[in-house]
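The structure under discussion appears below in the form of structure tokens.
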Amino acid sequence: MTQTKQIQKTVVITGGSSGIGLETARLILTDPEFRVVLIGRDGDRLAEAVKSLGADESKVFTLQADLSDPKQLKKATDKIVSSQKNLYGLINNAGIYPFGGVTTTTEESWDQTMDLNLKAPFLLIQELAPHLARNPSGGRIINVSSTAGILPNHFALAYSVSKSALIHLTKTLAKELGKDNITVNCVCPGIVKTPIHESYHATETELEEFYARRGAAFPLGRVGESKDIAGSIRFLLGEDAAWITGSVSVIDGGRLLL
């Protein structure tokens with residue numbers, strides 16, 4: 001008796017070459033139902049990410065693109081639409097974290113932050129939502145915001161504002177896209193061990209001291225790991241979350257309680 005090969009659900013992950021994006025891909029790929037498209041700016045890093053996943057090459061597709069550039073973003077989405085079948089999920093994870101308050105944030109820094117943290121998710125959803133709507137299982141969109149989008153960091157003005165707006169984008173689109181059987185949800189990580197923090201510390205020792213110092217003050221006594229966030233994202237992709245939309249999940253080790 002011939003068995004029909006199941007068409008895998010395709011999930012697009014931005015910022016997929018490291019941190020939360022890569023760990024989410026690793027978790028998703030433990031389920032044979034899924035394949036992933038990883039988008040990142042650094043081609044070498046993407047290649048290393050694929051190698052670290054150890055997955056069959058038919059289950060991992062990569063695209064090198066700077067999503068803060070609308071032209072590169074459009075080229076990437078066109079490639080996804082033309083080459084991928086059964087588009088099911090979009091995880092907007094790519095982002096930057098510049099320091100600066102109102103007197104020190106430059107216009108250039110503000111624009112760069114908004115372009116990647118907010119405009120790129122909007123454009124990706126705009127381009128891919130019609131294709132997600134065609135999935136017989138419904139579509140899933142998950143935006144990775146931050147606790148800074150709820151309780152702003154005064155030393156990271158542009159970042160905090162962009163992540164707050166991403167939460168509101170999530171809720172607005174949950175209302176709009178529900179008719180198309182697309183759920184739109186948001187996760188808000190606290191401090192997580194990802195490459196976004198590495199550039200702000202001169203040495204590995206300084207970085208670990210930062211994590212230890214901040215984590216010791218949290219109710220759960222540590223900062224997060226990428227896998228702490230990946231599990232919640234994976235849940236929101238699944239059938240058990242089919243009736244959840246417009247939600248904002250705080251995953252922060254209790255940080256916002258302080």
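Values computed for the structure shown
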item	result
Selected residue [of a type outside the set (S, T, N, Q), surrounded by fewer than 19 Cβ atoms within 10 Å (Cβ to Cβ), outside any helix (DSSP H, G or I) and within 18 Å of the chain's Cα centre (by Cα)] from ILE39, ILE96, ILE7	ILE96
Answer from ARG45, ARG26 - the residue that is within 25 Å of GLU198 (Cβ to Cβ), under 14 Å from the mean Cα position of the chain (by Cα) and not acidic (Asp, Glu)	ARG26
All positions within region 107-144 that are without any contact (Cβ under 8 Å) to a residue 24 or more places away in the chain and under 23 Å from ARG41 (Cα atoms)	GLU107, GLU108, ASP111, GLN126
Flag if THR147 is without any contact (Cβ under 8 Å) to a residue 40 or more places away in the chain and surrounded by fewer than 22 Cβ atoms within 10 Å (Cβ to Cβ)	no
Cβ-Cβ under 6 Å pairs, at least 6 apart or on other chains, region 58-79 side over 20 Å from GLN8 (Cα atoms) and free of Cβ contacts under 8 Å to residues at least 12 places away in the same chain, far side outside any helix (DSSP H, G or I) and small (Gly, Ala, Ser)	GLN72/ALA65
Any hit, region 178-188, residues being crowded, with 17+ Cβ neighbours inside 10 Å, within 19 Å of GLY253 (Cβ to Cβ) and over 20 Å from the mean Cα position of the chain (by Cα)	no
Unique match (being within 25 Å of SER146 (Cα to Cα), in a helix (DSSP H, G or I) and modelled with pLDDT of 95 or more) among LEU67, LEU90, LEU73	LEU73
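Yes or no, residue by residue, for (1) at pLDDT 95 or above; (2) part of a loop (DSSP other than H, G, I, E, B); (3) of a type outside the set (Asp, Glu); (4) more than 16 Å from ILE244 (Cα to Cα):
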site	(1), (2), (3), (4)
TRP110	yes, no, yes, yes
MET114	yes, no, yes, yes
ALA148	yes, no, yes, yes
ALA158	yes, no, yes, yes
LYS179	yes, no, yes, no
THR183	yes, no, yes, no
HIS197	no, no, yes, yes
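The values are calculated or read from the model by the stated rules, or taken from the named source; none is laboratory data. Fair warning: this is a prediction, and the values are worked out from it, not measured in the lab. Reconstructed Cβ throughout: ideal geometry from the backbone, glycine too, with neighbour counts over all protein chains shown.
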